[in-house]
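Below: the structure, in structure tokens.
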Amino acid sequence: MGKSSKDKRDAYYRLAKEQGWRARSAFKLLQLDEEFNLFENVTRVVDLCAAPGSWSQVLSRVLIKNEKFGRCAWEDREAKFRQRMLNVIPSESSQEDSQQETKQDVEMANTQDESTSRPDVKIVSIDLQPISPLPGVITLRADITHPATVPLLLKALDPSYDPETSTNQQAQQPVDLVISDGAPDVTGLHDLDIYVQSQLLFAALNLALCVLKPGGKFVAKIFRGRNVDLLYAQLKVFFEKVYVAKPRSSRASSVEAFIVCINFQPPAGFKASLEEPLGVGSRLAELQEQQQDPISQSEPSKADDGITEVILEDLSGADNKNRWIAPFIACGDLSAFDSDASYKLAADHVSLPPVQPPTAPPYKRAIELRRQNGGAYGKPVVAK
Ligand code: SAM
């Protein structure tokens with residue numbers, strides 16, 4: 001397979017390298033923001049499962065650098081890119097323009113410009129893998145499913161936080177937005193992958209409940225499985241509005257989607273607890289009991305929130321009051337690239353290297369061993 005064939009098959013992969021993003025996932029967050037205005041009035045954000053860091057790059061560039069990725073700027077960039085993708089031979093000057101633009105993007109992502117930095121903004125990013133530094137972002141290498149990660153996070157947000165003497169509630173729940181793009185290493189065993197993903201999601205939700213301030217937002221990746229409506233109903237216990245969103249940069253062929261939860265409203269008397277975290281157990285069920293029947297709550301209307309496309313999913317199983325169907329929102333402009341399509345590349349197309357090669361890839365040791373043994377066709381290793 002040629003080096004540029006992935007560029008051809010995946011427009012967002014190519015666009016990410018052109019614009020200096022560490023991963024194509026950056027477009028998913030930008031398209032979610034386009035629809036839900038996620039970053040409005042946000043100064044404290046936690047990015048869970050953040051490596052290699054493209055979502056954190058978006059946070060850094062939007063919140064610290066005050067860069068605008070509104071529809072106009074975004075479409076302007078796309079128009080240029082589309083022109084090249086459609087093999088309209090660019091003039092030399094437009095090629096130079098685009099090279100200059102790419103260079104600036106990379107530089108903006110890697111330098112701290114004091115004049116645009118925002119001391120009031122705090123961004124904390126967590127992953128099992130190390131994350132290369134980003135302007136204004138505190139990075140933690142930790143497991144989001146481990147209880148010790150919450151005090152670590154609270155300390156990163158507020159250095160005066162003392163896990164010995166303060167409770168999580170005393171930490172003033174300082175966060176406006178928690179985002180999580182967590183994904184386990186996919187095994188291909190569909191049910192197992194969905195199960196592990198749901199464990200990551202519950203860990204992210206528990207963490208969010210410990211740090212979110214009332215009114216805060218929570219966005220997380222989900223794999224839509226058979227009983228996903230139970231999950232939506234559980235989230236509805238804590239948030240006024242819950243949507244399931246599919247950005248155009250997320251492949252239609254993938255079960256991936258994002259839940260977007262708006263206006264955190266913990267039930268009366270609810271205390272986030274690490275000792276007794278939420279899971280699929282009785283604690284959630286009790287909270288749901290206290291809530292009104294979620295199905296009877298009104299659906300958000302198009303006029304209410306300016307959302308352009310709302311499609312209700314199939315209501316099968318809605319007789320169970322623990323189920324609730326979240327409005328499904330397709331986001332990202334329809335003129336945006338189709339992530340399932342292959343695009344023709346210009347004859348002079350040059351495949352760019354990744355912006356941020358993986359810092360600690362799991363295959364690193366295998367490559368080292370292969371090199372030591374003379375490459376792929378070297379002597380086979382004889383176990384002693
Ligand atoms: N949002 C990221 C970006 O834009 O660059 C991409 C995230 S990637 C799809 C999923 C990440 O989840 C991986 O980096 C993986 O290490 C992380 N992850 C999986 N399980 C985790 C856990 N238990 N704790 C922390 N991170 C985890």
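The values are calculated or read from the model by the stated rules, or taken from the named source; none is laboratory data. Since the structure is predicted, the reported quantities are computational estimates derived from the model, not experimental observations. Virtual Cβ from ideal backbone geometry, glycine too; neighbours counted across all protein chains shown.
From the list 211, 196, exactly one residue is without any contact (Cβ under 8 Å) to a residue 60 or more places away in the chain and of a type outside the set (D, E, K, R). Which is it? Spell out how you get there, then give the answer.
Values: 211 fails: without any contact (Cβ under 8 Å) to a residue 60 or more places away in the chain.
Being without any contact (Cβ under 8 Å) to a residue 60 or more places away in the chain and of a type outside the set (D, E, K, R) holds for just one of 211, 196, which is 196.
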(message) Out of the residues in the range 341-384 meeting the condition of being exposed (fewer than 10 other Cβ atoms within 10 Å of the Cβ) and among the hydroxyl-bearing types (Ser, Thr, Tyr), tell me which one is modelled with the lowest pLDDT.
(response) 377
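Considering only residues that are within 23 Å of residue 332 (Cα to Cα) and either crowded, with 22+ Cβ neighbours inside 10 Å or polar (S, T, N, Q) (or both), which ones fall in the range 233-243? Quick ask: steps written out before the conclusion?
Within the range 233-243, the subset within 23 Å of residue 332 (Cα to Cα) is 241-243.
Those that are within 23 Å of residue 332 (Cα to Cα) and either crowded, with 22+ Cβ neighbours inside 10 Å or polar (S, T, N, Q) (or both): 242, 243.
When you check residue 125 against the structure, is it within 28 Å of residue 242 (Cβ to Cβ) and among the polar types (S, T, N, Q), yes or no? Give the steps one after another, and end with the answer.
Values: within 28 Å of residue 242 (Cβ to Cβ): yes; among the polar types (S, T, N, Q): yes.
Yes: the conditions hold for residue 125.
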(request) Might you let me know whether the range 64-84 holds any residue that is out of contact with any His (no Cβ under 8 Å at 6 or more places or on another chain), closer than 23 Å to residue 332 by Cα, more than 16 Å from the ligand (Cβ to nearest atom) and at pLDDT 95 or above? (result) no
(message) Please determine whether any residue of the range 98-117 is at pLDDT 55 or above, touching a helix residue (DSSP H, G or I) at 6+ places or on another chain (Cβ under 7 Å), within 15 Å of the ligand (Cβ to nearest atom) and not charged (D, E, K, R).
(response) no
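Is one or more of the residues making up the range 153-170 among the hydrophobic types (A, V, I, L, M, F, W, C), within 12 Å of the ligand (Cβ to nearest atom) and either more than 23 Å from residue 122 (Cβ to Cβ) or in contact with a Pro (Cβ under 6 Å, 6 or more places away or on another chain) (or both)? Explain how you work it out, then say what you get.
To start, the set of residues in the range 153-170 that are among the hydrophobic types (A, V, I, L, M, F, W, C) comprises 153-154, 156-157.
Cutting the leftovers down to within 12 Å of the ligand (Cβ to nearest atom) gives us 153.
Going one step further and asking which of them are either more than 23 Å from residue 122 (Cβ to Cβ) or in contact with a Pro (Cβ under 6 Å, 6 or more places away or on another chain) (or both), we end up with none.
So far as the range 153-170 goes, no, none of its residues is among the hydrophobic types (A, V, I, L, M, F, W, C), within 12 Å of the ligand (Cβ to nearest atom) and either more than 23 Å from residue 122 (Cβ to Cβ) or in contact with a Pro (Cβ under 6 Å, 6 or more places away or on another chain) (or both).
Output yes when any residue across the range 311-324 is basic (Lys, Arg) and at pLDDT 50 or above, and no when none is. Talk me through it step by step, then tell me what you get.
Our first condition is that a residue be basic (Lys, Arg); within the range 311-324, this holds for 321, 323.
Restricting the remaining residues to those that are at pLDDT 50 or above gives 321, 323.
Checking the range 311-324: at least one residue is basic (Lys, Arg) and at pLDDT 50 or above.
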(message) Exactly one of these conditions fails for residue 182: (1) surrounded by fewer than 21 Cβ atoms within 10 Å (Cβ to Cβ); (2) within 13 Å of the ligand (Cβ to nearest atom); (3) not hydroxyl-bearing (Ser, Thr, Tyr). Give me its number.
(response) (1)
(request) Scan (1) at pLDDT 95 or above; (2) surrounded by fewer than 23 Cβ atoms within 10 Å (Cβ to Cβ); (3) within 15 Å of the ligand (Cβ to nearest atom) for the single condition residue 42 breaks and write down its number. (result) (3)
(request) Please name all residue pairs, on different chains or six or more residues apart, with Cβ atoms under 6 Å, provided the first residue is in the range 233-258 and is among the acidic types (Asp, Glu) and the second residue is surrounded by fewer than 22 Cβ atoms within 10 Å (Cβ to Cβ). (result) 240/263; 240/265
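Each row is one residue, and each column tells you yes or no for (1) under 23 Å from residue 28 (Cα atoms); (2) among the aliphatic types (A, V, I, L, M).
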position	(1), (2)
146	no, no
151	no, no
155	no, no
158	no, no
176	yes, no
179	yes, yes
203	yes, yes
208	yes, yes
222	yes, yes
